[in-house]
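For reference, the structure is listed below as structure tokens.
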Amino acid sequence: MNEQDRQALERRARQLRRDVLQMTYEAQNGHPGGSCSLADLMAYLYFYRLRYDTASPKSPSRDRLVLSKGHAAPVLYAALGESGFFPKEEFHRLRKIGSLLQGHPCIAIPGVDATTGSLGLGLSLGTGMAIAAKRRQPGVRVHVILGDGELDEGQVWEAAMAAPRFALDNLVAIIDRNRYQNDGATEEILPLEPLADKWRAFRWNVIEIDGHNFDEIDEAFCRADRTKGAPTLILAHTVKGKGASYLLDQPQLHYTPPTAEQLAGALRELAD
């Protein structure tokens, strides 16, 4: 990745964070912190990595992305809208009755590959997609984004056992390791560590990165491309609320939209 690409992605990530905060403020609803922790990864995926065609959102040759932590829908919607899957005016109708953009992703939304929201299901969906792609669309890659609190769900680990069994080297799971879930710190609620070793024991190709460093993000996905015979797990260490200082590592704000003052301050911090 060259410097020009890196700077472009940094601008994209700031825009996604601005979109998330503006959307959740207008809706007075949603999950800004867990969306902002994902903004750099989403910017990389939608503006540098994924193969898709906004004119043909269901093209069989597209790469797939499953947002298993469906409550982070605002950052997915921001990426889809900024990519041109639907008009950005839809951002102003987040969570409104009858609007396109509801509280969790739904396949009725252009660009959304899986309906999610009930935690723990996404990796199973992605595993099935990857098996089908192996048989019908070689070259298609499947990406699943999980929250670290979501790993409390047993179905995640059933899918984690299944994917290596089928040698799904076209499957990349990404853990948004921001270390917080709805009720507090993950290590105080149900400790996950040693998390990387657990996935290695399940026979995944595990890569640990700073989830806000575009060079590390790019290298991880390139390594995943080169891996044969096994799925890849990218353990992305992130900061909940990244980009908005009022949100940083504040679990009590997990499901709290910004106030007008908080929004104004965050938008100043995120200005280009």
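The values are calculated or read from the model by the stated rules, or taken from the named source; none is laboratory data. Computed from a predicted model, the values in this text were never measured in an experiment. Note that each Cβ is placed from the backbone with ideal geometry, even for glycine, and that neighbours are counted across all protein chains shown. Heavy atoms of the whole protein, side chains included, go into the accessibility calculation; ligands, DNA and RNA do not. Shrake-Rupley method; radii C 1.70, N 1.55, O 1.52, S 1.80 Å.
Here are some notes:
- Per-pair calculated FRET efficiency, R0 = 25 Å: residue 106 and residue 208 via Cβ, rounded to 0.05: 0.20
- In order through region 240-254: 3J(HN,Hα) via Karplus (6.51 cos²θ - 1.76 cosθ + 1.60), integer Hz, x for Gly, Pro: 5, x, 3, x, 10, 4, 5, 8, 4, 6, 10, x, 5, 9, 3
- Summary value for the chain: 23 percent relative contact order, contacts being C-alpha pairs under 8 angstrom separated by 6+ residues.
- Lysine pairs in the chain whose alpha-carbon atoms fall under 24 angstrom of each other, counting only those eight or more residues apart or on distinct chains, come to 13.
- Look at where the Cα atoms of region 232-261 and of region 114-165 average out, and the two centres are 24 Å apart.
- Dipole magnitude for region 37-117: about 160 debye, using +1 per Lys or Arg Cβ and -1 per Asp or Glu Cβ, origin at the Cα centre.
- Contact order for region 201-272, expressed relative to its length and based on alpha carbon pairs under 8 Å spaced 6+ residues apart, stands at 28 percent.
- P(r), alpha carbons of region 158-217 - 10 Å bins starting at zero, rounded %: 18, 44, 34, 4
- Mean residue ellipticity (222 nm) of the chain, computed from DSSP H runs ≥ 4 via -39,500 (n - 2.57), nearest 500: -12000 deg cm²/dmol
- When its C-alpha radius of gyration is set against 2.2 N^0.38 Å (N residues), region 44-178 gives a value of 1.03.
- Of the solvent-accessible surface of region 98-248, computed with a 1.4 Å probe over protein heavy atoms with every protein chain present, carbon and sulfur atoms account for 52 percent.
- Stokes-Einstein, applied to the Kirkwood radius of region 152-272 over Cα pairs at a viscosity of 0.890 mPa s and 25 °C, places its translational diffusion at 151 µm² s⁻¹.
- Of the three principal axes defined by the Cα atoms of region 58-98, the extents in descending order read 32, 23, 18 Å.
- Over all projection directions, the Cα-based convex hull of region 20-120 averages an area of 6.1 nm².
- Structure-derived mean projected area of the Cα convex hull in nm²: which label, when the choices are [x] 15.5; [y] 13.1; [z] 21.3: [y]
- Residues whose amide H lies under 5 Å from that of residue 144, counting only those 5 or more places away or on a different chain, are 66, 172, 173, 174; hydrogens are built 1.01 Å from N in the peptide plane.
- Shape box of region 80-143 [Cα atoms, principal axes, largest first, Å]: 40, 26, 15
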